[in-house]
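Student: One structure coming up, written as structure tokens, with questions to follow.
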Amino acid sequence: MTHRTSLSKVPELTFIFWVIKILATTLGETAGDALSMSMNLGYLVSSFIFTLLFFVVVTLQIKAKQLHPFLYWATIIATTTLGTTLADFATRSLGVGYTGGSALLLVLLLASLAIWFATLGSVSVSSINTPKPEMFYWVTIMFSQTLGTALGDWTADTAGLGYLGAAIIFGGLLAAIVAAYFWTNLSKTMLFWAAFIITRPLGAVLGDFLDKPIANGGLALSRYSASLAILIVMVICILVFPQRATKSVSH
């Protein structure tokens, strides 16, 4: 049997990967709110704009022959901003509510992973080196980002934990996943998706904490300045820390 090593189009899952991921999800919340609320475009129009952006960058990402860090993270940002406005539209404008929205999106996310696994036999990021698994990857991420927004809002508002309380809960869950990665034999692929999903509501509540009114438990910072500051930190992280592609092995 021969083994051929190729490169995935997902960056190596290093500590800095997760730092940038949390920054991207926080940016998705502040930038999504900036368009829908600060610019008064509303959730539906904002979702339409972010949908166009998502299709543009995800098409470029899938057509790329190798990992391009800025393109990859631009696609992640597109999913987080779209996830923010879609979740807000469903839970607030359509009246689904945070509980109903979270439950629906969880079902869609699990269905996406199940169909992906049934079709290709793996949902590992190391398999993201051809268009078909990558399309599954981005659809799954889209559902996870939208779920994360609704789940973050449910925890902070419906459950009454507030933004900081919710951040502590999700931060604790993320720490538990990290501990499981190092000290248990649980599936690394399962733990990746668990961490990927949890970082989204963590970023959502952090973003809300930055820009929501003080009376609601936030810091009332400008959504524009907060988004710009987070974006600058992301760019610095990408430039300073090399973003190498995950290795995959084909038989």
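Student: Could you check, for the range 37-53, whether at least one of its residues is under 18 Å from the mean Cα position of the chain (by Cα) and not in a helix (DSSP H, G or I)?
Tutor: no
Student: Now for a different question. Is it true that PHE89 is assigned to a helix (DSSP H, G or I) and either without any contact (Cβ under 8 Å) to a residue 40 or more places away in the chain or touching a strand residue (DSSP E or B) at 6+ places or on another chain (Cβ under 9 Å) (or both)?
Tutor: Values: assigned to a helix (DSSP H, G or I): yes; either without any contact (Cβ under 8 Å) to a residue 40 or more places away in the chain or touching a strand residue (DSSP E or B) at 6+ places or on another chain (Cβ under 9 Å) (or both): no.
So PHE89 fails the test.
Student: Which members of the range 34-68 meet the condition of being of a type outside the set (A, V, I, L, M) and within 13 Å of MET135 (Cα to Cα)?
Tutor: We begin by selecting, within the range 34-68, every residue of a type outside the set (A, V, I, L, M); these are 36, 38, 40, 42-43, 46-48, 50-51, 54-55, 59, 61, 63, 65-66, 68.
PHE54, PHE55, THR59, GLN61, LYS63 - these are the residues of the range 34-68 that are of a type outside the set (A, V, I, L, M) and within 13 Å of MET135 (Cα to Cα).
Student: Which residue pairs have Cβ atoms closer than 6 Å, lie 6 or more positions apart in sequence or on different chains, and pair a first residue in the range 226-249 that is in contact (Cβ under 8 Å) with a residue 12 or more places away in the chain and within 28 Å of ASP208 (Cα to Cα) with a second residue that is crowded, with 17+ Cβ neighbours inside 10 Å and among the small types (Gly, Ala, Ser)?
Tutor: Partner pairs satisfying both residue conditions: SER227/ALA31; SER227/ALA34.
Student: Mind checking whether some residue in the range 236-246 is more than 20 Å from the chain's Cα centre (by Cα) and of a type in the set (S, T, N, Q)?
Tutor: No, the range 236-246 has no match at all.
Student: Any idea how many residues of the range 61-86 are assigned to a helix (DSSP H, G or I), touching a residue at least 40 places away in the same chain (Cβ under 8 Å) and of a type in the set (A, V, I, L, M, F, W, C)?
Tutor: The number of residues fulfilling the criteria is 7.
Student: A follow-up question, please. Grab the helices (runs of 4 or more DSSP H) fully contained in the range 140-249, keeping just those with 1 or more residues being small (Gly, Ala, Ser) and loosely packed, with under 14 Cβ neighbours inside 10 Å.
Tutor: On the way: elements: 162-183, 188-211, 223-240.
Counting at least 1 such residues, we get 162-183, 223-240.
Student: Go through the range 211-224 and give me each residue that's within 10 Å of ALA34 (Cβ to Cβ) and of a type in the set (Gly, Ala, Ser).
Tutor: Our first condition is that a residue be within 10 Å of ALA34 (Cβ to Cβ); within the range 211-224, this holds for 211, 222-224.
Within the range 211-224, just SER222 meets the criteria.
Student: Does SER126 satisfy the criteria of being of a type in the set (Gly, Ala, Ser), under 23 Å from THR14 (Cα atoms), within 19 Å of the chain's Cα centre (by Cα) and part of a helix (DSSP H, G or I)? If you could, list the steps in order and put the result at the bottom.
Tutor: Working: of a type in the set (Gly, Ala, Ser): yes; under 23 Å from THR14 (Cα atoms): yes; within 19 Å of the chain's Cα centre (by Cα): yes; part of a helix (DSSP H, G or I): yes.
Against the criterion (of a type in the set (Gly, Ala, Ser), under 23 Å from THR14 (Cα atoms), within 19 Å of the chain's Cα centre (by Cα) and part of a helix (DSSP H, G or I)), SER126 qualifies.
Student: Same structure again: Consider PHE117 against the criteria (1) crowded, with 20+ Cβ neighbours inside 10 Å; (2) out of contact with any Lys or Arg (no Cβ under 6 Å at 6 or more places or on another chain); (3) more than 19 Å from LEU202 (Cα to Cα); (4) not acidic (Asp, Glu): it satisfies all of them except one. Which criterion is unmet?
Tutor: (1)
Student: Another question about this same structure. Within the range 229-251, track down each residue that is over 14 Å from ALA24 (Cβ atoms) and modelled with pLDDT of 90 or more. Spell out how you get there, then give the answer.
Tutor: Our first condition is that a residue be over 14 Å from ALA24 (Cβ atoms); within the range 229-251, this holds for 239-242, 244-251.
Listed by number, the residues that qualify are LEU239, VAL240, PHE241.
The values are calculated or read from the model by the stated rules, or taken from the named source; none is laboratory data. Not measured: the values here are computed from a predicted model. All Cβ positions, even for glycine, are placed from backbone atoms using ideal geometry, and neighbour counts span all protein chains on display.
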